[in-house]
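Heads up, the thing below is written out as structure tokens.
The values are calculated or read from the model by the stated rules, or taken from the named source; none is laboratory data. On a predicted model such as this, the values are computed, not experimentally measured, just so you know. Here Cβ is always computed from backbone atoms with ideal geometry, including for glycine, and neighbour counts include all displayed protein chains. Surface areas here come from the heavy atoms of the whole protein model, side chains and all, with no ligands, DNA or RNA. Shrake-Rupley method; radii C 1.70, N 1.55, O 1.52, S 1.80 Å.
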Amino acid sequence: MEETTQPKTALVTGGSRGIGAETVLALAARGYDVSFNYRNKAARANDVVSQANRRGVQALAVSCDITRPEDRARLFAEVRQWRSGLDVLVLNASGGLEKDALALDPDYPMHINRDAQVAMVDLALPLLRPGGAIVFITSHWAHLYGHGIQHVPSYEPVAASKYAGEQALRARQQEFAARGIRFVVVTGDLIEGTITPKLLERSAPGLAANRSNQVGALPTAAEMGEAIARAATDATIADGRTIVIGGSLESLLPEGTAL
């Protein structure tokens, strides 16, 4: 009998739109079966599944709010039923600008951007195979939090909490490495056509145009998704590396400040 090769499998959080959807499709184009969660809008999620299927792989979409323990448990139960293991975990889902969520819970940014990220990793680790990768997605403003850069006031709690999430996971790199799992961070500039710049424009009109004038054309969601998929699947990308998409990190720092 011929030996069958087990398909590579990924889980992407927040995979029904924007960067998450593009990451799902970039992984599918590399031959990965891809599972992803979405909070609502099942029709949009099903469209991403269909697009992944057309690339010759299988996809699974699960409705899940990653801030809810019962939802996380159900997500991983469905993923385990679908596939026996994972090769990639992409931590893309984030939040903190949603007015309704903030009205109910002022600490919502920290709950989604730090606590939920750590909880997702804890659930994924038993499934992640040696040689796999965890990829944490952040923004330049969050990655550089505490370096004296200027923040749009509404985004500062998001930046602080995403920074806390990144640091909480970086503190576990030795644990991941002992399991044979790489940890990589992908940080993006303002990403053209995604929801975050649109929300920030309400309190900082001209933000995207000013940034584009400073650094040139802003990256697209498709470019960001491609970079994330490459970080997740290219074993030559070193453990702990930060991959920068868009303008340089230095372009945001106060003059005379070094990383």
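Below, the figures for the structure above:
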| read-out | value |
| --- | --- |
| First in the stretch 9-24 and farther than 9 Å from N92 by Cβ, second anywhere and in a loop (DSSP other than H, G, I, E, B) and aromatic (F, W, Y), Cβ under 8 Å, 6 or more apart | T9/Y32; A10/Y32 |
| Any pair with Cβ under 7 angstrom, 6 or more apart, that starts in the stretch 40-61 at a residue that is open to solvent by 70 Å² or more (accessible area, probe 1.4 Å) and ends at one that is part of a helix (DSSP H, G or I) and small (G, A, S) | R55/A28; R55/A29 |
| The listed residue being in contact with a Phe, Trp or Tyr (Cβ under 8 Å, 6 or more places away or on another chain) and either over 22 Å from V184 (Cβ atoms) or of a type in the set (K, R) (or both), out of V88, V48 | V48 |
| Flag for L169 being farther than 20 Å from M120 by Cβ and either surrounded by 18 or more Cβ atoms within 10 Å (Cβ to Cβ) or aliphatic (A, V, I, L, M) (or both) | no |
| Long-range neighbours under 9 Å by Cβ, at least six apart or interchain, first residue outside any loop (DSSP other than H, G, I, E, B) within the stretch 227-238, second modelled with pLDDT under 95 and open to solvent by less than 60 Å² (accessible area, probe 1.4 Å) | A227/P219 |
| Some residue of the stretch 86-102 being more than 25 Å from L200 (Cα to Cα), open to solvent by 30 Å² or more (accessible area, probe 1.4 Å) and more than 19 Å from the chain's Cα centre (by Cα) | no |
| Failed condition for A42, given (1) in contact with a Ser or Thr (Cβ under 7 Å, 6 or more places away or on another chain); (2) modelled with pLDDT of 95 or more; (3) among the hydrophobic types (A, V, I, L, M, F, W, C) | (2) |
| Residues satisfying the stated conditions in the stretch 43-59, i.e. more than 14 Å from A21 (Cβ to Cβ) and either among the hydrophobic types (A, V, I, L, M, F, W, C) or under 19 Å from the mean Cα position of the chain (by Cα) (or both) | V57 |
| Among (1) within 19 Å of G180 (Cα to Cα); (2) crowded, with 16+ Cβ neighbours inside 10 Å; (3) over 14 Å from the mean Cα position of the chain (by Cα) - the single one L249 does not satisfy | (1) |
| Identity of the residue in the stretch 210-233, out of contact with any strand residue (DSSP E or B) (no Cβ under 9 Å at 6 or more places or on another chain) and more than 23 Å from Q167 (Cα to Cα), that ends up least open to solvent (accessible area, probe 1.4 Å) | R211 |
